[in-house]
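Heads up, the thing below is written out as structure tokens.
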Amino acid sequence: MLKAHLQRYHLLEVYICVHPCTLIHTLSANNGSHFAVHVMSALAIKGSECMLEKKPFLNTPFTMEAVESVYARCEEIVGFIACHDALKCDKSHIVCQISDLAGQIQAIVAPLRKRDEINDQVEKRLRQLPSVLDVTLRNLKSWNDSHSHSHRLHLHLHLLGQPGQLKDNKEFLLVHHAALTRAVQIMMKPKGYNIISPPSNIRSLLEQRSVQKTKANEDIEFFQAEDFWKVSVGDESDYANTEDFCDLLASWLDEDLSPAARKRLILRLDQYHTGYISFFTFRTFVRNGRLRETIHLYSLDPSLPLLLWVDSDVTDIAEQMLGAVGHDVSIVQFASTHALKSWVSLHLEFLKYHNSSSELRIISNQILHERDLNTHLRYYNRQAGEQVTSYIREEAGLSCPILIITTASNIESTAYVKRHYNVGSTGAKYYIYKTFVAGLTPGSGGKDDTRWMKYDA
């Protein structure tokens with residue numbers, strides 16, 4: 001449907017390429033324009049088509065300025081909504097959805113701030129975003145000024161309808177979210193809840209040295225994800241309804257998905273409970289191109305021995321995780337305490353059955369960079385390690401070994417481990433980590449838990 005629009009409006013297609021920001025301003029002023037959404041979707045299509053070409057990487061002052069600009073604008077939108085009572089609505093309201101989208105765009109952009117180079121397609125998406133974010137913020141401020149004077153008026157609007165302008169803003173953000181994530185996916189994998197499994201197919205993938213083999217694998221992966229999405233959902237710029245998605249998967253695979261399996265899949269595919277699933281999220285989910293295998297990996301009980309690892313930035317621990325996987329240890333990596341708690345609650349019966357030091361262990365950073373679930377504002381959770389320990393011991397009722405990792409200068413914040421059995425802390429000493437993980441390694445010939453099971457090991 002969207003490609004038909006491109007054929008009918010080929011002159012506008014050219015205009016999109018040359019003057020995207022001007023077009024955004026013009027369309028955003030056209031309240032309730034469905035054509036505006038189609039044109040913005042066209043941007044996403046053209047961006048995804050350009051992804052097939054190999055593009056150079058950029059590191060210019062303007063590029064990094066664009067990254068910071070988008071990040072700051074998203075933060076301003078989320079912060080503005082969080083600080084104004086007239087904009088605090090339930091999760092189904094358009095304002096809350098805008099806050100969710102701004103928070104997700106900010107989460108996508110955040111890793112780019114640390115990179116030395118950025119693909120030029122990512123830069124193009126970043127150039128287009130500030131205009132949309134500025135218009136959205138202006139409309140939010142205008143709507144807040146109009147409706148913050150009367151609580152009764154605010155309640156009336158909240159119950160009976162959603163403002164048309166803000167609805168258009170949400171649609172623009174949806175399309176730009178899709179375009180940006182498609183561009184970013186060629187550079188990095190997103191942070192989040194992921195299962196890293198040690199079967200032979202994963203190890204063989206890691207051992208591939210040929211660029212040609214790797215590229216071929218990516219093509220197969222992309223084709224399968226695209227094929228399913230096109231048949232079951234629609235265009236890559238379309239979003240799937242979360243409630244219907246498991247039915248679509250079950251039909252495609254021709255197998256039943258239990259209620260528990262469906263909850264586990266939704267936890268992975270819609271971790272923020274937005275009610276929709278994007279093609280980018282699904283495409284990243286199907287990592288090795290084997291859709292059925294990936295569905296089973298995330299919907300069934302994980303393989304043993306199992307290491308749960310909580311860290312909001314996996315950049316520095318990727319080598320350690322792959323090393324553990326290479327010794328037949330399965331890893332579930334979480335980017336937040338909330339993700340860990342949600343996953344554990346869905347797997348608690350399985351975890352209690354395997355609640356032993358040789359089958360289950362947990363590593364957590366003491367400090368995590370998380371997002372507040374209510375305000376969507378990012379903050380440093382300096383009690384994350386203690387929260388993980390408290391949840392595992394008191395709420396989940398698990399006694400498995402826990403190791404808290406922090407910096408040497410912050411070790412005093414982990415003194416709480418003295419109150420718990422089978423819990424230790426370390427100032428990021430590599431040999432302590434190796435000793436801890438060795439307790440899970442099959443055929444390791446024994447383990448020495450006395451080295452790590454203490455404060456400041």
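The values are calculated or read from the model by the stated rules, or taken from the named source; none is laboratory data. All values reported here derive from a predicted model rather than from experimental measurement. Cβ coordinates were reconstructed from backbone atoms using ideal geometry, including for glycine residues, and neighbour counts include every protein chain displayed.
Test each condition in (1) surrounded by fewer than 16 Cβ atoms within 10 Å (Cβ to Cβ); (2) closer than 30 Å to residue 370 by Cβ; (3) outside the structural domain of residue 398 (by TED's automatic domain parsing) for residue 231 and report the one that comes out false.
(2)
Among the numbered criteria (1) at pLDDT 90 or above; (2) in the same structural domain as residue 395 (by TED's automatic domain parsing), which single criterion is violated by residue 250?
In the conditions (1) at pLDDT 90 or above; (2) in the same structural domain as residue 395 (by TED's automatic domain parsing), residue 250 misses (2) alone.
If you check residue 402 against the conditions, is it surrounded by fewer than 21 Cβ atoms within 10 Å (Cβ to Cβ), touching a Ser or Thr at 6+ places or on another chain (Cβ under 7 Å) and either under 13 Å from residue 357 (Cα atoms) or of a type in the set (Val, Ile, Thr) (or both)?
Spelling it out, it is not the case that residue 402 is surrounded by fewer than 21 Cβ atoms within 10 Å (Cβ to Cβ), touching a Ser or Thr at 6+ places or on another chain (Cβ under 7 Å) and either under 13 Å from residue 357 (Cα atoms) or of a type in the set (Val, Ile, Thr) (or both).
Any idea which residue in segment 346-358 is nearest to the chain's Cα centre (by Cα), counting only those that are surrounded by fewer than 21 Cβ atoms within 10 Å (Cβ to Cβ) and modelled with pLDDT of 95 or more?
Filtering first and then ranking leaves 347.
If the requirement is being more than 27 Å from residue 299 (Cα to Cα) and assigned to a loop (DSSP other than H, G, I, E, B), which of these qualifies: 431, 379, 421?
Going through 431, 379, 421 in turn, just one is more than 27 Å from residue 299 (Cα to Cα) and assigned to a loop (DSSP other than H, G, I, E, B): 421.
So, of the residues in segment 203-236 that are assigned to a loop (DSSP other than H, G, I, E, B) and closer than 29 Å to residue 258 by Cα, which turns out to be modelled with the lowest pLDDT?
My answer is 236.
Which of the residues belonging to segment 242-257 are touching a residue at least 12 places away in the same chain (Cβ under 8 Å) and surrounded by 13 or more Cβ atoms within 10 Å (Cβ to Cβ)?
242, 245, 246, 248, 249, 252, 253, 257
Residue by residue, here is whether (1) assigned by TED's automatic domain parsing to the domain that holds residue 386; (2) over 21 Å from residue 354 (Cα atoms); (3) touching a strand residue (DSSP E or B) at 6+ places or on another chain (Cβ under 7 Å); (4) buried (at least 21 other Cβ atoms within 10 Å of the Cβ) holds:
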site	(1), (2), (3), (4)
259	no, yes, no, no
262	no, yes, no, no
270	no, yes, yes, no
283	no, yes, no, no
292	no, yes, no, no
295	no, yes, no, yes
310	yes, no, yes, yes
324	yes, no, yes, yes
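Which residue is farthest from residue 173 (Cα to Cα), if the candidates are limited to segment 249-281 and must be in a loop (DSSP other than H, G, I, E, B) and hydroxyl-bearing (Ser, Thr, Tyr)?
258
For every residue, the table says whether it meets (1) part of a loop (DSSP other than H, G, I, E, B); (2) in contact (Cβ under 8 Å) with a residue 24 or more places away in the chain.
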| position | (1), (2) |
| --- | --- |
| 319 | no, no |
| 325 | no, yes |
| 331 | no, yes |
| 346 | no, yes |
| 349 | no, no |
| 352 | no, yes |
| 357 | yes, yes |
| 361 | no, yes |
| 387 | no, yes |
